[in-house]
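Below is one structure, written out as C-alpha cells, with a few remarks after it.
The values are calculated or read from the model by the stated rules, or taken from the named source; none is laboratory data. Nothing here was measured: the structure is a model prediction, and the numbers come from that model. Glycine gets a Cβ as well: all are built from the backbone with ideal geometry, and neighbour counts include every protein chain shown.
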C-alpha cells in the first residue's frame, strides 16, 4: 500500500486539465450492455473504479480494452448475467448493470452492494422501479434476482432523488415495450450525459436535465461510437478549493462553468476571484477566506461530493460555518482526521459546526472514503509542516493522478510505500 506525503505552504499556480468524470463513465460502460457490437468511449479517466467496471463487463462476456483515455467495449459476446459479490462489494456503482442485464437477457443476478463508509445507500428505489416495469424480484443469499421476458413501460415515482436509481431505470427502460415516465428523477449532469449517449445509440428519451424523464422503448440500440465523457465537475471543484487554500492562481481547463453554479457561488461569497477565460475557469485568491454556511442538496444544489473539501476550506476561514449534510447524514468521517490537524469541528446531528483556525498543522491521517481522501490532501497543502495520508487507494478510485497534477502546479507532494 501507498501513502501520500504533503509538505504544506506552497502556493499553487499554473494551468491544469480536468479528466473525464468518474460518475459519468461508469453508467456509460453499463449502457454498452444494451448494444451488440463495438462501443468506443473517449476522455476516460484512468481510475480504479473504471478498471473494476471493466473487469465486471469482462466477467459478463464483453471484450474490453483501455488505451490512453479510449475505452473499447465489444458487447457482442455477452453471455453471463451475474455480477458477483467480490466485485460489487468493491464498488457500489456495479449495481448499474442490474437494469441493462434485465433488459437484454430478461434476467439478472447481481450482488447487493451492502453498506458504505459514507452511510447507507439502499437500492429500494431501483427494485421498486423494476417491479413497476414488470420484473419479478427475489432476494436470496445476498443477491438480487430479476426475471422478465420483456420489460413493459410504466410510471415510476421516486420517493427520493437518486442518481444511480435514475440511471439504472433509464437503462432498464430504453428497450422496454411502451412508454416509461420517471417522476422526481435526478437532474445531475452525469444523468444528462448518459441520456445524451443513449439517444446517440438510438434511444428515444426526452426531458433531459429535468425531473420528469420520458423513455419510449425501442427494439434495438446501436453501439456507442466515439462518445466523449463529460469533464469531472468534482475534480474541477477540488482544484478550485486548492487554489483558494494556497492563495493560488489556477487556470482550470476542460470544465463546465454551467455545471458548477452552487460551488462557484459559495467560493465567490467567501472571497475567491473567479472568472471564465478562454473556455476555462480561473480561480485566484489573496488568502481571505470568509466563513459561510452550506447545505448539501440534489443538483443544482451544493453537491455532497464537495462537502468534505469545503469542510477543509472552512477550517481555515475567519469565522463560524455550519455544514449540513442532507444527502448522506453520516458523511463526516473526515472531520476526525481534520481535527488531528488542528481543525475546530463539532458534529451535531447531520451538521458540522466549523470554527476557523489560523492554520492547520501537518499530521499522520487516514482516508475513509474517496472525497475524504481529497479533503485531507487539500488540508496538507494548506497546513504547516508535513502531512501523511494513508489508504490512498480511496483517492485512486475517483481522481486520475491528483498528486501528480498538483505537483505540476507547485505543490510539494509525493507517494511513498507504507
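Details
- Region 157-181 - residue that is outside any strand (DSSP E or B) and in contact with a strand residue (DSSP E or B) (Cβ under 7 Å, 6 or more places away or on another chain) and, of those, farthest from residue 260 (Cα to Cα): 178
- Yes/no for residue 168 being under 22 Å from the mean Cα position of the chain (by Cα), modelled with pLDDT of 95 or more and on the phi > 0 side of the Ramachandran plot: no
- Exactly one residue among 142, 106, 134 is in the same structural domain as residue 198 (by TED's automatic domain parsing) and modelled with pLDDT under 95, and that residue is 142.
For (1) in the same structural domain as residue 305 (by TED's automatic domain parsing); (2) surrounded by 16 or more Cβ atoms within 10 Å (Cβ to Cβ); (3) out of contact with any strand residue (DSSP E or B) (no Cβ under 6 Å at 6 or more places or on another chain), each residue gets a yes or a no:
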{"position": "344", "(1), (2), (3)": "yes, no, no"}
{"position": "356", "(1), (2), (3)": "yes, yes, yes"}
{"position": "360", "(1), (2), (3)": "yes, yes, yes"}
{"position": "366", "(1), (2), (3)": "yes, yes, no"}
{"position": "398", "(1), (2), (3)": "yes, yes, yes"}
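- Taken together, the residues in region 306-320 that are surrounded by fewer than 24 Cβ atoms within 10 Å (Cβ to Cβ) and outside any loop (DSSP other than H, G, I, E, B) amount to 1.
- Answer residue from region 88-106, given it is out of contact with any strand residue (DSSP E or B) (no Cβ under 8 Å at 6 or more places or on another chain) and farther than 15 Å from residue 173 by Cβ and is surrounded by the most Cβ atoms within 10 Å (Cβ to Cβ) among those: 93
- Total residues in region 267-305, condition modelled with pLDDT of 95 or more, surrounded by fewer than 19 Cβ atoms within 10 Å (Cβ to Cβ) and more than 15 Å from residue 187 (Cβ to Cβ): 12
- For region 68-83, filtering for residues that are closer than 23 Å to residue 23 by Cβ and surrounded by fewer than 21 Cβ atoms within 10 Å (Cβ to Cβ) leaves 4.
- Cβ-Cβ distances below 6 Å connect the following pairs, each with a first residue in region 157-178 that is within 15 Å of residue 134 (Cα to Cα), a second residue that is at pLDDT below 95 and part of a loop (DSSP other than H, G, I, E, B), and a separation of six or more residues or different chains: 177/150.
Residues checked against (1) surrounded by fewer than 22 Cβ atoms within 10 Å (Cβ to Cβ); (2) touching a residue at least 12 places away in the same chain (Cβ under 8 Å):
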position: 199; (1), (2): yes, no
position: 205; (1), (2): yes, yes
position: 241; (1), (2): no, yes
position: 248; (1), (2): no, yes
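- The set of residues from region 182-208 being over 18 Å from residue 99 (Cα atoms) and assigned to a loop (DSSP other than H, G, I, E, B) comprises 184, 187, 188, 207, 208.
- Subset of region 229-273 that is over 22 Å from the mean Cα position of the chain (by Cα) and in a helix (DSSP H, G or I) - its residue that is farthest from residue 14 (Cα to Cα): 269
- Residue match in region 274-282 (condition: over 28 Å from residue 255 (Cβ atoms), in a loop (DSSP other than H, G, I, E, B) and in contact with a strand residue (DSSP E or B) (Cβ under 8 Å, 6 or more places away or on another chain)): no
- Here is the figure for region 210-221: residues that are outside any strand (DSSP E or B) and loosely packed, with under 15 Cβ neighbours inside 10 Å total 3.
Table: residues versus (1) free of Cβ contacts under 8 Å to residues at least 60 places away in the same chain; (2) over 28 Å from residue 418 (Cα atoms).
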residue: 312; (1), (2): no, no
residue: 317; (1), (2): yes, yes
residue: 322; (1), (2): yes, yes
residue: 326; (1), (2): yes, yes
residue: 333; (1), (2): no, no
residue: 338; (1), (2): yes, no
residue: 355; (1), (2): yes, yes
residue: 361; (1), (2): yes, no
residue: 366; (1), (2): yes, no
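- Applying the set (1) part of a loop (DSSP other than H, G, I, E, B); (2) crowded, with 24+ Cβ neighbours inside 10 Å; (3) at pLDDT 95 or above to residue 331 leaves exactly one unmet item: (3).
- In region 135-156, the residues that are in a loop (DSSP other than H, G, I, E, B) and touching a residue at least 40 places away in the same chain (Cβ under 8 Å): 142, 148, 149, 150, 151, 153
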